[in-house]
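For reference, the structure discussed in these notes is given below.
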Amino acid sequence: MPKSIKKEIRIMTPLTDEVIKSLKTGDKVLISGVIYTARDVAHKRLVSAIKDKEKLPFNLKGQIIYYTGPTPEPPGKVIGSAGPTTSFRMDAFSPILIKKGLKGMIGKGPRGKEVIDAIKKYKAVYFAAVGGAAALLSKSIKKSEIIAYEDLGTEAIRRLEVEDFPVIVVNDIYGNDLYIEDTKRYSKE
Amino acid sequence: MKEIHFNDIADKVAQMCIDAACNLDDDILSALDRAIEFEKSPLGLEVLKQLKENAEIARNEALPVCQDTGIALFFVEYGEDVEIKGGLLNDAINEGVRQGYKKGYLRKSIVNDPIARRNTQDNTPAIIHTELVEGDKLKINFKIVGAGCENMSKIKMLKPTEGIEEIKSFVIDAVKEGGINACPPLIVGIGLGGNFEMCALLAKKALLRPIGQPSKRMEIASLEEDILKGINKLGIGPAGFGGSVTALAVHIETYPCHIASLPVAVNLNCHASRKKALIL
């Protein structure tokens, strides 16, 4: 293994502030425990539930949301393919969830300033999974259950149990950004 | 007249949907192999190897390569001497999509209306472009179009006097701006000329070409090479984690245009280039 590839860090959910503080941009992380799926419409519903002071389908404290809409599970499998979707579509909603205790997000692609600021202010972390590696990523998902918004089909909120789910830290609480820094490193412009 | 039956088209289309979603073609797999040779970033290299592993798992377990199994796009070449029995071509294709997406456990990602947004539950309707051609064959080109990269695509009506430099910077800027979201390494389809909608179609058609096959026109092939070099200087790399391979190929299709126009469209395609073709 080349020197510049860092060793993987294993973490368990729910995430504590100690774990968040220890994570740095570029760290390769293997997540185990429970994570929740939510994407566009589920985010909109979660945020309106918060605004209307309704009970949320799950307690956000210390949790990780994975931006994915899996394919249906074929017979004998717990889930179909489940790779990350583009994160910026959730930018308007994420700060509100982070303020309510959400600690981690998994997706792909850069986040807006409002999310990066909330990550720093409330101590959270944004991870990327490899976009398009959906069959491979599904191997780390051991259990899947729809817990809310079943009418949304693939966009429903699922409770996943994952083992060593592979991600990389993009935005840490120290204001670093993997996409900006690593692009600069290899840019010849 | 050659007769082709509705059910035959539907069955073949269904099979093609599943095949495209789960089995990547050799052209993309070889392009990833070439990228592995070329990539300088250790993390980028690791991503490329994961993509190869992902393709293998998908093939062996009949799982979709990517969870976004897209909107179903068809380019049909309809021979003048073909007669379809038992129904209409578009209905047959949509029936195939309906069956294939169900049978293959593919994701249904289509909503009935851009405002009402109710999922149609069977991934129809497909988008179908039909061209009438000579002969007694029906050729169906199929492409899975995911939204991650499609959303990062762009179109611009340049001034005719702006020329090649403006075209290059428009394309490279589009990759710089949206490339990470589009799941690099990318295949970049470019449409040049025609008019507003024609150049978008050309950009899409460019993505149907075998990956890395240069344009038949020498000056266009050299422009493709130039733009590819420019994109790969950006440093975005596989998955956007930094690296030397941001794009695997640039394909350009052209069409004559108005004296006052120079339309250019950039259609980004993720590394999961899923396309199949069949002739009936």
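Numbers below:
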read-out: Cα-Cα over 25 Å, subset of A:LYS28/B:LYS49; A:LYS188/B:LYS159; B:LYS102/B:LYS154; value: A:LYS188/B:LYS159; B:LYS102/B:LYS154
read-out: Estimated [θ] at 222 nm from DSSP helical runs (n ≥ 4, -39500 (n - 2.57)) normalised by residues in chain B, nearest 500; value: -13000 deg cm²/dmol
read-out: Charged-residue dipole, Cβ positions (Lys, Arg, Asp, Glu), the range B:103-216 about Cα centre, Debye nearest 20; value: 400
read-out: For chain B, built as a Gaussian network whose Cα springs stay under 10 Å, the top-fluctuating residue of B:ASN119, B:ASN267, B:ASN90; value: B:ASN119
read-out: Alpha carbon centroid spacing (whole Å) that separates the range B:80-151 from the range A:36-75; value: 31
read-out: Reach of B:LYS85 by Cα under 12 Å, taken over aspartates and glutamates that are not fewer than 8 positions away in the same chain; value: B:GLU3, B:ASP8
read-out: Of all accessible heavy-atom area on the range B:26-94, the percent that carbon and sulfur account for (1.4 Å); value: 48
read-out: Interface A:B - total buried accessible surface [probe 1.4 Å, Å², rounded to 100]; value: 3400
read-out: Residues of type aspartates and glutamates that B:LYS168 reaches as a straight line, Cα spacing below 19 Å, ignoring anything fewer than 8 places off in the same chain; value: A:GLU189, B:GLU177, B:GLU219, B:GLU224, B:GLU225, B:ASP226, B:GLU253
read-out: The protein assembly as shown: translational diffusion in µm²/s, Stokes-Einstein, Kirkwood Rh over Cα pairs, 10 °C, 1.306 mPa s; value: 69
read-out: Magnitude of the charge dipole, chain A, Cβ model with Lys/Arg +1 and Asp/Glu -1, debye to 20; value: 400
read-out: Value of [θ]222 nm, deg cm²/dmol, for chain A, DSSP H segments ≥ 4, -39500 (n - 2.57) each, nearest 500; value: -7000 deg cm²/dmol
read-out: Cysteines without a disulfide-compatible partner [the protein assembly as shown; Cβ-Cβ under 4.7 Å]; value: B:CYS17, B:CYS22, B:CYS66, B:CYS199, B:CYS257
read-out: Choice from A:ARG158, A:ARG89, A:ARG111 showing the highest fluctuation, given a GNM over chain A with Cα pairs closer than 10 Å; value: A:ARG89
read-out: Translational D in µm²/s for the range A:24-137 (Stokes-Einstein at 10 °C, 1.306 mPa s, Kirkwood Rh from C-alpha pairs); value: 108
read-out: Rounded to the nearest 10 Å², the accessible area of B:LYS168 at probe 1.4 Å; value: 40
read-out: Leading residue at positive end of dipole, the protein assembly as shown (Cβ point charges), from A:PRO70, B:ILE187, B:ALA31; value: A:PRO70
read-out: A:ARG45 accessible area, assembled protein chains, probe 1.4 Å, Å²; value: 80
read-out: Partner chain coverage, peptide B:37-48 - average Cβ within 10 angstrom; value: 3
read-out: Probe 1.4 Å, accessible area per residue of the protein assembly as shown, Å²; value: 44
read-out: Net charge contributed by nearby residues that have their C-beta within less than 14 Å of B:GLY135 (K/R +1, D/E -1); value: -4
read-out: Taking chain B and dividing mean pair separation by its residue count, relative contact order in percent (alpha carbons under 8 Å, at least six apart); value: 26
read-out: Accessible area of the range A:29-160 belonging to carbon and sulfur atoms, whole % at 1.4 Å probe; value: 52
read-out: Subset of B:LYS52/B:LYS275; A:LYS44/A:LYS103; B:LYS137/B:LYS205; A:LYS77/B:LYS40; A:LYS120/B:LYS52; B:LYS52/B:LYS156 violating a 27 Å alpha-carbon distance limit; value: A:LYS77/B:LYS40; A:LYS120/B:LYS52; B:LYS52/B:LYS156
read-out: Förster radius 45 Å - calculated FRET efficiency between B:ASN195 and B:LYS40, Cβ distance, rounded to 0.05; value: 0.65
read-out: Most mobile listed residue (A:TYR126, A:TYR66, A:TYR174) in chain A, GNM with C-alpha springs under 10 Å; value: A:TYR174
read-out: 14 Å Cα-Cα reach of A:LYS139 towards aspartates and glutamates, excluding residues that sit fewer than 8 places from it in its own chain; value: A:GLU73, A:GLU161, A:GLU163, A:ASP164, B:GLU53, B:GLU56, B:GLU61
read-out: Exposure of A:SER140 as accessible area (Å², to 10), given a probe of 1.4 Å and all protein chains; value: 20
read-out: Computed magnitude of the charge dipole of the protein assembly as shown (debye, nearest 20; Cβ of K, R +1, Cβ of D, E -1); value: 1900
read-out: Formal net charge of residues neighbouring B:ILE84 (Cβ-Cβ distance under 13 Å; K, R +1; D, E -1); value: -4
read-out: Accessible surface ranking that places the most exposed of A:SER138, A:SER48 first, with a 1.4 angstrom probe; value: A:SER48, A:SER138
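The values are calculated or read from the model by the stated rules, or taken from the named source; none is laboratory data. Quick caveat, the model's predicted, so the values are computed rather than measured. Reconstructed Cβ throughout: ideal geometry from the backbone, glycine too, with neighbour counts over all protein chains shown. Note: accessible area is taken over every heavy atom of the protein model, side chains too, but ligands, DNA and RNA are not part of it. Shrake-Rupley method; radii C 1.70, N 1.55, O 1.52, S 1.80 Å.
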